[in-house]
1. For the range 1-66, list the strands (runs of 3 or more DSSP E) that sit wholly inside it and hold at least 2 residues that are under 22 Å from Asp125 (Cβ atoms), modelled with pLDDT under 95 and not small (Gly, Ala, Ser); which are they?
2. Among the numbered criteria (1) closer than 15 Å to Ile44 by Cβ; (2) crowded, with 18+ Cβ neighbours inside 10 Å; (3) under 11 Å from the mean Cα position of the chain (by Cα), which one does Leu94 miss?
3. Of the residues Thr167, Thr161, which single one is open to solvent by 50 Å² or more (accessible area, probe 1.4 Å), in contact with a Phe, Trp or Tyr (Cβ under 8 Å, 6 or more places away or on another chain) and more than 29 Å from Thr64 (Cβ to Cβ)?
4. Considering Arg79, Arg103, which residue is basic (Lys, Arg) and open to solvent by less than 60 Å² (accessible area, probe 1.4 Å)?
5. What's the number of the only condition in (1) under 27 Å from Arg103 (Cβ atoms); (2) outside any strand (DSSP E or B); (3) open to solvent by 60 Å² or more (accessible area, probe 1.4 Å); (4) not β-branched (Val, Ile, Thr) that Asn146 fails to meet?
6. Please tell me if Asn184 is within 17 Å of the chain's Cα centre (by Cα), more than 14 Å from Ile135 (Cα to Cα) and open to solvent by 10 Å² or more (accessible area, probe 1.4 Å).
7. Could you give me the residue pairs with C-beta distances under 9 Å whose first residue belongs to the range 24-50 and is basic (Lys, Arg), whose second residue is open to solvent by 50 Å² or more (accessible area, probe 1.4 Å) wherever it lies, and which are 6+ apart or on separate chains?
8. Give the range 108-142 a look and list any residue that's out of contact with any Phe, Trp or Tyr (no Cβ under 8 Å at 6 or more places or on another chain), open to solvent by 10 Å² or more (accessible area, probe 1.4 Å) and in a strand (DSSP E or B), or say none.
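The values are calculated or read from the model by the stated rules, or taken from the named source; none is laboratory data. Note that the structure is predicted; figures quoted are calculated from it, not measured. Please note: Cβ atoms are built from the backbone with ideal geometry, for glycine as well, and neighbour counts cover all protein chains shown. All accessible areas refer to the heavy atoms of the entire protein, side chains included, with ligands and DNA or RNA removed. Shrake-Rupley method; radii C 1.70, N 1.55, O 1.52, S 1.80 Å.
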Amino acid sequence: MLKYILTKLNSLFYLKFNQSLNWFITFYVNVALLPLKDAMKFPILIYGKCYVCSLQGRIIFEDTIQKGLLIIGKSDPVRSFDGSTVINIAGDLLIKGKAEIRRGLHLQINPKATLELGNHVFIGDNTTIICSKQIKIGHNSRIGNNCTFMDTDFHYIINTTSKIVRTANKPILIGENNWIAGYNVVKKGAITPKGTILAGPYSMIGKNYLSQISEYCIIGGSP
């Protein structure tokens with residue numbers, strides 16, 4: 001009943017803040033995704049304007065539950081647009097420590113999919129994450145502003161000669177200590193070694209680099 005009331009209130013009140021903690025959405029998301037005893041510790045803090053589409057999935061914290069393990073929506077006076085955070089969690093969100101996602105996030109985790117964020121992961125402003133299978137971002141990795149992560153093509157493609165149908169979904173596995181610069185696109189099947197730098201803007205990756213580059217390399221363009 002409480003979850004139903006909160007859902008209705010969420011649709012009625014599209015709260016507008018800047019750097020302020022959005023107490024209503026923070027309360028709503030914690031209560032909807034966590035047992036009440038954990039929710040009251042407020043491990044999830046949401047700032048600014050936020051619209052919640054769905055919270056039918058789960059959030060799993062590997063660390064001891066405490067305030068502010070996941071911070072969403074803080075703004076940057078240079079990089080933040082006057083936009084909202086949009087959250088749609090129908091699958092699993094796994095937090096392996098502490099993580100921060102800045103303002104303007106568009107997050108979609110589909111049913112049976114898992115988004116995993118390592119300890120001290122930082123995701124910049126206006127980032128879009130669409131997870132249909134698995135997206136994993138390793139410990140201490142940082143994502144610049146205006147990036148896009150998609151582990152799906154949203155449709156299947158057939159080779160008209162061989163009649164082979166390509167899969168529409170493949171996991172994205174970003175290694176530890178990676179730096180994904182701003183305005184880049186990370187597509188299905190992208191796997192990077194430890195310490196990789198993806199130069200920006202407008203680079204695009206979508207394949208396994210473990211056998212092609214060593215750790216602590218810089219890659220760029222649309223290889």
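1. 50-54
2. (2)
3. Numbers: Thr161 fails: in contact with a Phe, Trp or Tyr (Cβ under 8 Å, 6 or more places away or on another chain).
Answer to the check: Thr167.
4. That would be Arg103, the only listed residue that is basic (Lys, Arg) and open to solvent by less than 60 Å² (accessible area, probe 1.4 Å).
5. Every listed condition holds for Asn146 apart from (3).
6. When the stated conditions are applied, Asn184 does not pass them.
7. Lys41/Gln66; Lys41/Lys67; Lys49/Tyr14; Lys49/Lys16; Lys49/Phe17; Lys49/Asn18; Lys49/Asp82
8. Gln108, Thr114, Glu116, Phe122, Gln134, Lys136
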